[in-house]
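Structure record follows, encoded as structure tokens.
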Amino acid sequence: MTSIGDRAAIIGIGQTAFSKQSGKTEHRVACEAIAAAIADAGLRPQDIDGIVRYDIESNTELAVIYSLGIPHLRFFAGVTSGGGAVCGTIVLAAMAVTTGQATNVVCFRARNRGKRSASGPGKFAGGRPWEKTPPQLTDAYQYHIPFGLVTPAQEMALIYRRHMHEYGTTTEHFGMVAVAQRAHAVRNPNAVMRRPLTLADHENSRWIAEPLRLLDCCLETDGACAVVVTAAERARDAPHPPAYVLAGAQAEGPIHIQLADYFQHCREETGGRAVARQLYAMAGVTPADIDAAMFYDHFSPAVLLSLEDYGFCERGGSGPFVAAGNIAWPSGVLPVNTHGGSLSEAFIHGYNHLLEGVRQIRGTSACQVPDAELVLVTSSNTDPTGAIILRR
Amino acid sequence: MSVSFASSLPPIPVPNADNAGFWEGCRQRELRLQCCAQCGSIRHPPRPMCPRCQCPEAEWRRASGRGTLYTFTIVYAPTLAAFQSEIPYNVVVVHLEEGPFIVTNLVDYNADQIAIGMPVEVVFEDVGDTVTLPKFRPAATEP
């Protein structure tokens, strides 16, 4: 059977500065990040013949190619969902370059979500999508929003509360994730939040939606990230060490925007678990082989659920796992979000996690895991989801 | 440039042919769930096909209105302007006696009373002239 396993690589990474307000359009930050990724790969715009983006991305392929001077695309696609799309973009790009549908594929996410960065009335034209809720609801949100269930934090709070009830997870465990990731961000010059954080700071931060406090929530920032994917046999010619895509997988269901249906399904299976099974089978490795993990972290307890989904501890064991110091660089057995993640570096819808995964493989992270060989990167684990394992 | 959609009116559901039975039921003070015409399984939220047997036909059955509180959150800012005056307010998921789950609010309760596992029963609240929402209160007696 044909597989994408170990047959593609990320050879270029690029990003803009991350900030609370860039003063730039999403179009411009996309172009800047993509240009940087192409240059980092040692390529020129005319070498790019494929683009994969999130389907909610405001920049179309056309907007990208006519600004960057990419003359001709052979492959273009969008991946469903927001934070659930992160690793799916790499899976699609790997499929394209390993089947000859494209040679060099750019994948990117541009996202201006600073409070004053709205660029238009469209739901995804900056600002917070939920602030643009229409007065009449025709989709599945009609079972949420009339009851005041409006924001992602409120939706996810319902899932995390249930986890606390079933397994004894505490809000202090949430705080330990936030504190560990902030300690990583303190060392990272790209991070928006670099002031050290204590558990008391977390405990004293205001409620957003119980059991989530302000410091459990991701940042809202402006910026963009991009990568270049090519086939493994061409990757060795790139200027930087390739990050080979050892495995990649996607799964859809259960989805948190239909919470009623989510709880019907999640007792048997989560999307993250379905991805993990495919991923480890394709890679031929186990969780014990993973040197670092970049988990999607729109909220700090998302890291807890991912630790369980991806087999680093048993179901319900993530609180004690984190309390034992296991996710903190440099001493933890599994340093997590060594750039600070969405909680402390920036919220680029998980795309900055891909870049940090590549830096760990290259040996250039500000919190470098010595001789990192295998790095796990995941998409949001309650959306349609996905994950990849990068190898040196 | 800042774009605001802020409104003091809560967004309302717009029924369609697949879910009108649910919202019409609420207008008539009945919690109605879809029951598959072929295999008899009960589902919520409404959808045009049975996920168990793929039968597109379903009938609307009146549910008991009883269930248990499965999970909850207490909401603070930020939220939509329409709900701002109610902060802090709850959103709960109720596990219905018939099996499905439903997102709703707990009403007529004391703040220290809200707890996972508590028995609850449906009540109905009108929103404007056209929409009625199913909400839940602590059950008067054990179901």
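Tell me whether the range B:76-89 contains one or more residues that are surrounded by fewer than 19 Cβ atoms within 10 Å (Cβ to Cβ), at pLDDT 95 or above, more than 11 Å from every other protein chain (Cβ to nearest Cβ) and in a loop (DSSP other than H, G, I, E, B). Among the residues of the range B:76-89, not one is surrounded by fewer than 19 Cβ atoms within 10 Å (Cβ to Cβ), at pLDDT 95 or above, more than 11 Å from every other protein chain (Cβ to nearest Cβ) and in a loop (DSSP other than H, G, I, E, B), which makes the answer no. The helices (runs of 4 or more DSSP H) falling completely within the range A:295-392 that include 1 or more residues that are touching a Ser or Thr at 6+ places or on another chain (Cβ under 8 Å), among the charged types (D, E, K, R) and on the phi < 0 side of the Ramachandran plot map to A:300-309, A:351-362. The residue of the range B:90-112 that is nearest to the other protein chains (Cβ to nearest Cβ), among those that are assigned to a loop (DSSP other than H, G, I, E, B) and of a type in the set (D, E, K, R), is B:Glu98. Taking the criterion of being among the polar types (S, T, N, Q) and either within 14 Å of another protein chain (Cβ to nearest Cβ) or farther than 27 Å from A:His339 by Cα (or both), the residues of the range A:160-199 that qualify are A:Thr169, A:Thr171.
One residue stands out among those in the range A:200-214 that are free of Cβ contacts under 8 Å to residues at least 24 places away in the same chain and within 14 Å of chain B (Cβ to nearest Cβ): the one that is farthest from B:Ala77 (Cα to Cα), which is A:Ser205. If the condition is being buried (at least 17 other Cβ atoms within 10 Å of the Cβ), assigned to a helix (DSSP H, G or I) and of a type in the set (Asp, Glu), then the range A:27-61 contributes A:Glu32, A:Asp40, A:Glu61. Entry remark, the range B:23-58: residues being outside any loop (DSSP other than H, G, I, E, B) and either among the charged types (D, E, K, R) or more than 9 Å from every other protein chain (Cβ to nearest Cβ) (or both) number 12 in total. Inside the range B:43-67, can you point out the residues that are surrounded by 14 or more Cβ atoms within 10 Å (Cβ to Cβ), touching a Gly at 6+ places or on another chain (Cβ under 8 Å) and more than 16 Å from A:Gln258 (Cβ to Cβ)? Hit for the range B:43-67 is B:Trp60, nothing else.
Evaluation of A:Thr270 against the conditions (1) within 24 Å of A:Leu197 (Cα to Cα); (2) modelled with pLDDT under 95; (3) of a type outside the set (A, V, I, L, M) shows that the sole unmet condition is (1).
Residue count for the range B:113-126 under the criterion of being part of a strand (DSSP E or B), touching a helix residue (DSSP H, G or I) at 6+ places or on another chain (Cβ under 7 Å) and within 11 Å of another protein chain (Cβ to nearest Cβ): the result is 0.
Among the residues of the range A:131-159, those identified as outside any helix (DSSP H, G or I) and facing chain B (nearest Cβ under 7 Å) are A:Thr133, A:Pro134, A:Pro135, A:Gln136, A:Leu137, A:Thr138, A:His144, A:Gly148, A:Leu149, A:Val150, A:Thr151. Can you confirm whether B:Phe72 is part of a strand (DSSP E or B), facing chain A (nearest Cβ under 8 Å), out of contact with any Cys (no Cβ under 7 Å at 6 or more places or on another chain) and modelled with pLDDT of 95 or more? So B:Phe72 passes the test.
The values are calculated or read from the model by the stated rules, or taken from the named source; none is laboratory data. Just so you know, these numbers come straight off a predicted model, no measurement behind them. Glycine gets a Cβ as well: all are built from the backbone with ideal geometry, and neighbour counts include every protein chain shown.
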